[in-house]
1. Sort through Arg191, Arg147 and tell me the only one that's part of a helix (DSSP H, G or I), farther than 30 Å from Ala53 by Cβ and of a type in the set (Lys, Arg).
Amino acid sequence: MRKVRRAKVLGWRWRSNPLRRRSDVVEAWIVLAAWVVAAVASVVAGIVGARAAQHAVDGDRAGRRPVTAVLVKTVPGSGRDVVTGLRYDRVVATVHWTDVQDGRATVHTGFMNVKPTAQPGSTVRAWTNGHGRLVAPPVTAAEAATRVVLAGTGVALAAGATVLVGGYLTRLRVQRRATEKWGVEWERVGRHWGHTTG
(Lines give C-alpha, C1' and ligand atoms only; values in the text may rest on other atoms or scores of the structure.)
Protein backbone atom coordinates (compact mmCIF):
# COMPACT_ATOMS: atom_id res chain seq x y z
CA MET A 1 0.00 0.00 0.00
CA ARG A 2 1.42 3.37 -1.02
CA LYS A 3 1.75 6.11 1.51
CA VAL A 4 -0.30 9.19 0.73
CA ARG A 5 1.58 12.46 1.18
CA ARG A 6 -0.39 15.46 2.24
CA ALA A 7 0.76 18.72 0.74
CA LYS A 8 0.84 21.65 3.11
CA VAL A 9 -0.63 24.77 1.59
CA LEU A 10 0.70 28.02 2.95
CA GLY A 11 -2.02 30.29 4.26
CA TRP A 12 -4.79 27.72 3.88
CA ARG A 13 -6.60 29.07 6.92
CA TRP A 14 -7.22 32.39 5.15
CA ARG A 15 -8.37 30.88 1.86
CA SER A 16 -12.04 30.64 1.07
CA ASN A 17 -13.18 27.09 1.71
CA PRO A 18 -16.58 25.68 2.68
CA LEU A 19 -14.93 23.46 5.31
CA ARG A 20 -13.02 26.33 6.90
CA ARG A 21 -14.32 27.19 10.34
CA ARG A 22 -14.23 30.59 11.96
CA SER A 23 -11.89 29.15 14.58
CA ASP A 24 -9.38 28.27 11.82
CA VAL A 25 -9.12 31.93 10.87
CA VAL A 26 -8.86 32.97 14.54
CA GLU A 27 -6.06 30.44 15.07
CA ALA A 28 -4.19 31.76 12.04
CA TRP A 29 -4.37 35.32 13.33
CA ILE A 30 -3.25 34.19 16.80
CA VAL A 31 -0.19 32.44 15.33
CA LEU A 32 0.71 35.42 13.15
CA ALA A 33 0.21 37.92 15.99
CA ALA A 34 2.22 35.77 18.42
CA TRP A 35 5.20 35.60 16.06
CA VAL A 36 5.12 39.32 15.26
CA VAL A 37 4.75 40.33 18.91
CA ALA A 38 7.44 37.82 19.94
CA ALA A 39 9.87 39.27 17.41
CA VAL A 40 9.21 42.87 18.49
CA ALA A 41 9.21 41.98 22.20
CA SER A 42 12.48 40.08 21.83
CA VAL A 43 14.23 43.01 20.19
CA VAL A 44 12.90 45.58 22.67
CA ALA A 45 13.53 43.38 25.71
CA GLY A 46 17.01 42.50 24.46
CA ILE A 47 17.94 46.16 24.05
CA VAL A 48 16.51 47.07 27.47
CA GLY A 49 18.25 44.08 29.09
CA ALA A 50 21.59 44.89 27.47
CA ARG A 51 21.36 48.53 28.56
CA ALA A 52 20.48 47.52 32.12
CA ALA A 53 23.42 45.10 32.19
CA GLN A 54 25.73 47.78 30.78
CA HIS A 55 24.56 50.23 33.44
CA ALA A 56 25.14 47.63 36.18
CA VAL A 57 28.63 46.80 34.88
CA ASP A 58 29.55 50.49 34.57
CA GLY A 59 28.33 51.18 38.10
CA ASP A 60 30.23 48.21 39.45
CA ARG A 61 33.43 49.25 37.70
CA ALA A 62 33.07 52.86 38.80
CA GLY A 63 32.60 51.82 42.44
CA ARG A 64 35.99 50.10 42.66
CA ARG A 65 39.14 52.10 43.30
CA PRO A 66 42.72 50.85 43.00
CA VAL A 67 45.04 51.24 45.99
CA THR A 68 48.60 50.18 46.70
CA ALA A 69 48.66 47.77 49.64
CA VAL A 70 51.63 46.52 51.62
CA LEU A 71 51.81 42.78 52.25
CA VAL A 72 52.16 42.11 55.98
CA LYS A 73 52.19 38.29 56.01
CA THR A 74 50.72 35.28 54.26
CA VAL A 75 48.32 32.93 56.01
CA PRO A 76 50.11 29.57 56.60
CA GLY A 77 48.66 26.67 54.61
CA SER A 78 46.32 28.88 52.59
CA GLY A 79 48.02 27.87 49.34
CA ARG A 80 47.23 24.15 49.67
CA ASP A 81 43.97 22.21 49.34
CA VAL A 82 43.26 20.40 52.62
CA VAL A 83 41.66 17.36 50.97
CA THR A 84 43.79 16.78 47.86
CA GLY A 85 47.00 18.48 48.97
CA LEU A 86 47.24 20.34 45.65
CA ARG A 87 48.91 23.74 45.65
CA TYR A 88 47.02 26.85 44.55
CA ASP A 89 48.55 29.58 42.43
CA ARG A 90 47.36 32.15 45.01
CA VAL A 91 47.61 32.37 48.79
CA VAL A 92 45.71 34.47 51.32
CA ALA A 93 47.71 37.36 52.74
CA THR A 94 47.17 40.09 55.30
CA VAL A 95 47.69 43.52 53.78
CA HIS A 96 47.30 47.10 54.90
CA TRP A 97 46.70 50.21 52.86
CA THR A 98 46.04 53.89 53.34
CA ASP A 99 42.76 55.27 52.11
CA VAL A 100 42.18 59.00 51.83
CA GLN A 101 38.59 60.16 52.35
CA ASP A 102 37.51 63.74 52.90
CA GLY A 103 41.17 64.80 53.19
CA ARG A 104 41.88 62.33 56.04
CA ALA A 105 44.20 59.37 55.66
CA THR A 106 42.99 56.14 57.25
CA VAL A 107 44.99 52.91 57.48
CA HIS A 108 43.00 49.74 56.81
CA THR A 109 43.88 46.07 57.16
CA GLY A 110 42.34 43.21 55.23
CA PHE A 111 42.87 39.91 53.47
CA MET A 112 43.44 39.31 49.78
CA ASN A 113 44.85 36.68 47.43
CA VAL A 114 48.46 37.13 46.31
CA LYS A 115 51.04 35.05 44.46
CA PRO A 116 52.84 32.52 46.68
CA THR A 117 56.18 34.19 45.85
CA ALA A 118 55.09 37.58 47.28
CA GLN A 119 57.27 38.61 50.21
CA PRO A 120 56.23 40.56 53.32
CA GLY A 121 56.87 44.27 52.83
CA SER A 122 56.23 44.12 49.08
CA THR A 123 53.47 46.17 47.51
CA VAL A 124 50.48 44.72 45.70
CA ARG A 125 47.66 46.31 43.80
CA ALA A 126 44.33 45.99 45.59
CA TRP A 127 40.82 47.25 44.89
CA THR A 128 38.50 48.85 47.42
CA ASN A 129 34.87 49.88 47.39
CA GLY A 130 35.75 53.35 48.65
CA HIS A 131 34.51 52.52 52.16
CA GLY A 132 37.56 50.73 53.48
CA ARG A 133 36.71 47.23 52.26
CA LEU A 134 38.69 45.13 49.81
CA VAL A 135 36.76 43.90 46.79
CA ALA A 136 37.54 41.82 43.72
CA PRO A 137 39.14 43.59 40.74
CA PRO A 138 36.67 45.10 38.27
CA VAL A 139 35.76 43.10 35.20
CA THR A 140 37.76 43.72 32.06
CA ALA A 141 36.23 45.36 28.99
CA ALA A 142 35.94 41.94 27.29
CA GLU A 143 34.21 40.41 30.33
CA ALA A 144 31.88 43.40 30.55
CA ALA A 145 30.96 43.07 26.87
CA THR A 146 30.33 39.35 27.31
CA ARG A 147 28.03 39.99 30.27
CA VAL A 148 26.09 42.63 28.36
CA VAL A 149 25.65 40.39 25.30
CA LEU A 150 24.60 37.39 27.40
CA ALA A 151 22.15 39.46 29.44
CA GLY A 152 20.59 41.02 26.35
CA THR A 153 20.34 37.66 24.59
CA GLY A 154 18.88 35.93 27.64
CA VAL A 155 16.24 38.60 28.19
CA ALA A 156 15.35 38.61 24.48
CA LEU A 157 14.93 34.83 24.40
CA ALA A 158 12.86 34.85 27.59
CA ALA A 159 10.56 37.59 26.29
CA GLY A 160 10.08 35.90 22.92
CA ALA A 161 9.46 32.50 24.50
CA THR A 162 6.92 33.98 26.92
CA VAL A 163 4.94 35.57 24.10
CA LEU A 164 5.05 32.39 21.99
CA VAL A 165 3.91 30.22 24.91
CA GLY A 166 1.07 32.67 25.57
CA GLY A 167 0.06 32.50 21.91
CA TYR A 168 0.22 28.71 21.95
CA LEU A 169 -1.98 28.49 25.06
CA THR A 170 -4.47 30.95 23.53
CA ARG A 171 -4.56 28.87 20.36
CA LEU A 172 -5.19 25.70 22.38
CA ARG A 173 -8.10 27.39 24.11
CA VAL A 174 -9.60 28.41 20.77
CA GLN A 175 -9.16 24.85 19.48
CA ARG A 176 -10.80 23.41 22.60
CA ARG A 177 -13.79 25.72 22.31
CA ALA A 178 -14.14 24.89 18.61
CA THR A 179 -14.02 21.16 19.37
CA GLU A 180 -16.65 21.53 22.11
CA LYS A 181 -18.89 23.52 19.78
CA TRP A 182 -18.42 20.92 17.05
CA GLY A 183 -19.35 18.16 19.55
CA VAL A 184 -22.56 19.95 20.52
CA GLU A 185 -23.51 20.44 16.88
CA TRP A 186 -22.70 16.81 16.10
CA GLU A 187 -25.01 15.58 18.88
CA ARG A 188 -27.81 17.85 17.70
CA VAL A 189 -27.54 16.76 14.06
CA GLY A 190 -26.91 13.10 14.89
CA ARG A 191 -30.34 12.74 16.52
CA HIS A 192 -32.06 13.50 13.22
CA TRP A 193 -30.22 10.82 11.26
CA GLY A 194 -32.52 8.07 12.40
CA HIS A 195 -31.72 4.57 13.58
CA THR A 196 -28.23 3.20 13.80
CA THR A 197 -27.39 -0.32 12.68
CA GLY A 198 -25.95 -3.02 14.86
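The values are calculated or read from the model by the stated rules, or taken from the named source; none is laboratory data. This one's a predicted model, so the numbers in the text were calculated from it and none came from an experiment. A quick note on method: Cβ atoms are made from the backbone with ideal geometry, for glycine too, and the neighbour counts reach across all protein chains shown. Side chains included, ligands, DNA and RNA excluded: accessible areas come from the protein's heavy atoms. Shrake-Rupley method; radii C 1.70, N 1.55, O 1.52, S 1.80 Å.
1. Arg191
For (1) touching a Phe, Trp or Tyr at 6+ places or on another chain (Cβ under 8 Å); (2) open to solvent by less than 100 Å² (accessible area, probe 1.4 Å); (3) of a type in the set (Val, Ile, Thr), each residue gets a yes or a no:
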position: Asn113; (1), (2), (3): no, yes, no
position: Thr117; (1), (2), (3): no, no, yes
position: Arg133; (1), (2), (3): no, no, no
position: Thr140; (1), (2), (3): no, yes, yes
position: Ala145; (1), (2), (3): no, yes, no
position: Thr162; (1), (2), (3): no, yes, yes
position: Val174; (1), (2), (3): no, yes, yes
